[in-house]
1. Across every pair of different alpha-carbon atoms, what Kirkwood hydrodynamic radius in Å does the stretch 58-123 reach?
2. Whenever you get a sec, line up LEU387, LEU43 from highest to lowest accessible area (probe 1.4 Å, protein heavy atoms).
3. With +1 on each Lys and Arg Cβ and -1 on each Asp and Glu Cβ, how big is the dipole of the stretch 405-479 about its Cα centre, in debye rounded to the nearest 20?
4. Take the solvent-accessible surface of the protein heavy atoms, probe 1.4 Å, and return the percent of it on the stretch 223-272 that carbon and sulfur atoms account for.
5. What is the distance in Å between the Cα centres of the stretch 302-359 and the stretch 31-51?
6. Please work out how much length the chain gains when fully extended from ARG44 to ALA386, using 0.36 nm per residue of separation minus the C-alpha to C-alpha distance, in nm with one decimal.
7. Taking Cα centroids, how far is the stretch 399-421 from the stretch 123-180 in Å?
8. Calculate, in nm to one decimal, what GLU428 and PHE291 gain on full extension: separation in residues at 0.36 nm each, minus their alpha carbon distance.
Amino acid sequence: MPSSRRGSGSVTLPTGQVLAIHTRTQDEEDLPHATKKTMADHLRKYESLFTLTPQRMRMIVEAFKDTLEAGLEKPKQTVPMIPTFVFGWPTGKETGDFLAVDLGGTNLRVCLVTLQGDGKFEITQSKYRLTEEQKQEDGQKLFDFCAECLKTFITTNLEEGTVKEGELLPLGFTFSYPCEQDKIDHGRLIRWTKGFGAPNTEGHDVADMFRASLKKHNVPAELTALINDTTGTLIASAYVNPATKIAVIFGTGCNAAYMERVGDIPKIKNLGIDDQADMAINCEWGAFDSFEHEHLPRTKYDQIIDEKSNKPGEQAFEKLISGRYLGEILRLVICELIDEGVLFLGQETYKIEIPYALDTAFLSLMESDPTEELLMIIGIFTHFFALETTLAERQFFRALAKHVGRRAARLSACGIAAIVSKMGYLEEGCAVGADGSLYNKYPGFADRVHEGLQDIFGDKGRNIVTYHAEDGSGVGSAIIAGMTKIRKEKGLYLNC
Ligand code: BGC
C-alpha cells in the first residue's frame, strides 16, 4: 500500500474568503493519473487552439474597424454604435449632489455623489448582490427592487432636510445593457446580455419602467440621464485625466465607449445637431461577429458556451473575453479530458461537471499561484470539487488558464486597436480608462493587452496606454447628470 502524505492549512483568497486545504498527496500509483508527458501533449494542442498570432489580430482589427463604421452609418447594425446624447467632455467644473443607481451584471449599486469641481468628488454608496432569480423574473419587478433599494439608501444616508418637501434629487441611471437612445433620459432595451433574461423588458423603454417604479415607491428622485457604464467611465476618467480618449469595461460583460464628431455619425444627421459637436458613442462591441461568426477564432468550447447560453448567436466577442465565460471555457476543456479518460480516473467528477461551476476568479488564482506545489490549485480542486490532483495536472491547469486569459486580453487589444485606428489616435497616443473585474483583478491582464497592442501596431503600440479608470457607473453617471443639467440650462438640444 503506497504511503499517503496528509497536511492541512489555509489560503486567503483576494476576495477575503479563506480556503481550508486538507491535502492528501497520494503517490501516483494510488489513483490512475495521467503522466507528465500526456499532460504536456494535451497542453500543446490547447495552446495552438487558444493562441492568436499578430497577423490574425491585424485581420480582426480590420474587420472590427469596418463594423464600427457600419454601425455609425446605419441604424440596427449588429454592433449598434449607440449615440448617447452625452455631448462632449466634462469641464471639471460640474458641481452638485447627484444620485446614481447602477444595475450591473452582478450587483446593484446605489450612490450619492457630491461633485466638488476641479475634478474632485465625494461618494457614499451601498451595494446589493443580485440573485440569479432576480435576473430572470419580470422586468418591472427588477426595477421595483432598484427603487426600493434607492429609497432605503436615501432614508439611511441623506441627512434630514437634504431633500426638501416636494423636491426631487437628480438621478443618473447606469443601465449596462444595449439601449437604443434618441434622448439622454430614455432608452429602449435592444437585448439583455450577461445572462439576464427578465421578461417584458426587451423592446421597452427602461427609463420609463424605472420611473414607474420610483413613482410607485414614492422615491424623491428624478431620472435625468440613462447611461451605459462605458460612457460613464469615459466621462469620469476624462474628469480626472483629460488625456483619456477611450473607455473600456472588462468585467462580467465587455464593451467600449469613445467620443465621436457628430458629423461622422451619418445615422443621426436628421437630428440637426451641429456637425462639429462631440457626442459619446457606446459601441456595444460585445456583439462584434455575432450571428455570422466570420472573424473570431471560436473553438468548440466557445461554440458550446454560445449554444447553451440564453442568447445563442449573440455577444460573440463578449463570450470569448468577459469574466462571465472564461472559467466556463476552462471547465469545458477539463470536462473533455474527463470524458476522454485522461483526468480524474476513478474519482467522482460530478461537481466539476456542473455548468459554470468553475468561476473566472479561480482561473486568475490558478494563474497566479505563487507556491511551488501549486497549493492554491490543490485547494480549489479539493475544496470545491472534491478532486485529487497531481503536480503535473496542476501545472497543466495553470498553463491552460494562462492561454485562455491571454487570448481574452489579446482580443480586447484588437477592439481597442480598432477604435484607435479608426480615430487616428496612434501617432499622438492616448489613454484608455479601463474598469471591470477582469481588468482589475486578473493578474497580468493589462500587460497582455499592452503586449497585444504592440503586436498589432509595432513599437507605436506603446503610445496606447490603459489605466485603471475612475468609477464610471457612480461618479461618471453623476457628472453626466451634471453636464446635462448645464446643457439644458443653456437651452442646448433641449429635445435630446
Ligand atoms: C453590455 C454593455 C456593457 C458591458 C459591460 C455588456 O454585456 O451589453 O452595455 O457596457 O456588458 O458591463
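The values are calculated or read from the model by the stated rules, or taken from the named source; none is laboratory data. Bear in mind that the values here come from a model prediction, so they are computed numbers and not experimental data. Cβ coordinates were reconstructed from backbone atoms using ideal geometry, including for glycine residues, and neighbour counts include every protein chain displayed. Surface accessibility is based on the protein's heavy atoms, side chains included, excluding ligands, DNA and RNA. Shrake-Rupley method; radii C 1.70, N 1.55, O 1.52, S 1.80 Å.
1. Values: mean 1/r = 0.0649 Å⁻¹.
Answer for the stretch 58-123: a Kirkwood hydrodynamic radius of 15.4 Å.
2. Numbers: LEU387 0, LEU43 35 Å².
Order by accessible area, largest first: LEU43, LEU387.
3. On the way: 8 positive and 9 negative charges, 68 e Å.
With only Lys, Arg, Asp and Glu charged at Cβ, the dipole is about 320 debye.
4. Details: 630 of 1210 Å².
Percent of accessible area from carbon and sulfur atoms in the stretch 223-272: 52.
5. Here the answer is 17 Å between Cα centres.
6. Details: separation 342, 0.36 × 342 = 123.12 nm, distance 2.71 nm.
Here the segment from ARG44 to ALA386 would lengthen by 120.4 nm.
7. That distance is 34 Å.
8. Numbers: separation 137, 0.36 × 137 = 49.32 nm, distance 3.58 nm.
Here the answer is 45.7 nm.
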